[in-house]
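This report concerns only the one structure given below.
The values are calculated or read from the model by the stated rules, or taken from the named source; none is laboratory data. Note that the coordinates shown come from a computational prediction; the quantities given were computed from them, not determined experimentally. Cβ sites come from the backbone with ideal geometry, for glycine too, and all protein chains shown count toward neighbours.
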Amino acid sequence: MKKHFHGVIMPDRSFLARVRQKLPDLHPAERRLGELVCDFPGELASYSASELAELAQVSNATVTRFVRRLGYASYEDARRDARAESLSGSRLYLQQSDDSSDSDPNSFLSVDIRNIRDTMEQLTIDDIDGVARAILAARRVWCVGFRAANPLANYLQWQILQAVDDSIAVPGGGQTMGEHIARTLPSDVVIVFGLRRRVADLDAILQSFISTGATVFYITDEGVTENRNVARHFRCATQSSGPLFSHVGVMALINIIANRTIELASESGRKKLRSIESFNEALGEL
């Protein structure tokens, strides 16, 4: 069992949580198998080891090594856990690689709940406090996001602006990333969102921010191999019962970071909030 926020004890890691934890350290063939299992865990729950090996285009020996790396004595032990989780009713386990989506709202609900749980399982209060304190100590906070991640970066920037003096969401309309990277200093914090589907030059952008000496945090979906060159890499569960990825886990992470940042700002944070509310009232904006 592992303790998380405010002493709340979370349950043991699920089968999928085990896979996601080990994924960054797997050999290429094992990682390909792990990524298939993450996307379609129902395949393992219903297929034999040979069938799964054929589906992932790996050897039977790779399947054996894979389940042992997860801590299982045999493939059948791993499949037993996967089957047990499938009984929870999650559509994630019913979704097969050739299935169409299911429009039943309850199927989306069950998957979103699992996404939040699997995202939160990786976190400790020390992880979040580390991000919050870095944000509060920074000269400037850059929130970077493209495509679907762009509104998420904007949302985080808007929330932490209530506790810090200088936070910017980029890129804006007509802007290039070089304009922003060139102005980034070692005293800055950069929070990069790298969610599927990522723009082609995201790796180069991330590496450029790292090269400035700034403190870089990386928020991605669960399919990205762990990046050990950043201050902290958060991998969020984004599975869905439909054709679009679910970002409820990402929003849960943003919510914790923003709230904890304001809490740790203490009196300065409360003073800033009071000032914001005073101007809102004076201007009649709300």
Residue identified as buried (at least 17 other Cβ atoms within 10 Å of the Cβ) and not hydroxyl-bearing (Ser, Thr, Tyr) among LEU185, LEU195: LEU195
Test: residue in region 91-107 that is under 10 Å from SER240 (Cα atoms) and modelled with pLDDT of 60 or more: yes
Filter result for ILE219 (part of a helix (DSSP H, G or I), among the β-branched types (Val, Ile, Thr) and at pLDDT 95 or above): no
Unique match (being in the same structural domain as ALA258 (by TED's automatic domain parsing), surrounded by 21 or more Cβ atoms within 10 Å (Cβ to Cβ) and in a loop (DSSP other than H, G, I, E, B)) among ALA169, ALA153, ALA163: ALA163
Cβ pairs under 9 Å, 6+ apart, first in region 56-82 and in contact (Cβ under 8 Å) with a residue 60 or more places away in the chain, second among the basic types (Lys, Arg): ALA78/ARG18; ASP81/ARG18
Pairs where the first residue, in region 202-223, is at positive phi and the second is assigned to a loop (DSSP other than H, G, I, E, B), C-beta under 6 Å, 6+ apart: GLY213/PRO186
Subset of region 105-153 [of a type in the set (S, T, N, Q) and closer than 18 Å to PHE217 by Cα]: THR119, GLN122, THR124, ASN150
Residue within region 222-229 that is assigned by TED's automatic domain parsing to the domain that holds VAL170, outside any loop (DSSP other than H, G, I, E, B) and crowded, with 23+ Cβ neighbours inside 10 Å present: no
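So that you can scan it fast, the table gives a plain yes or no per residue for (1) surrounded by fewer than 18 Cβ atoms within 10 Å (Cβ to Cβ); (2) farther than 21 Å from GLU226 by Cβ:
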{"position": "GLU43", "(1), (2)": "no, yes"}
{"position": "SER48", "(1), (2)": "yes, yes"}
{"position": "LEU52", "(1), (2)": "no, yes"}
{"position": "SER59", "(1), (2)": "yes, yes"}
{"position": "PHE66", "(1), (2)": "no, no"}
{"position": "ALA73", "(1), (2)": "yes, yes"}
{"position": "ALA78", "(1), (2)": "no, yes"}
{"position": "ARG83", "(1), (2)": "yes, yes"}
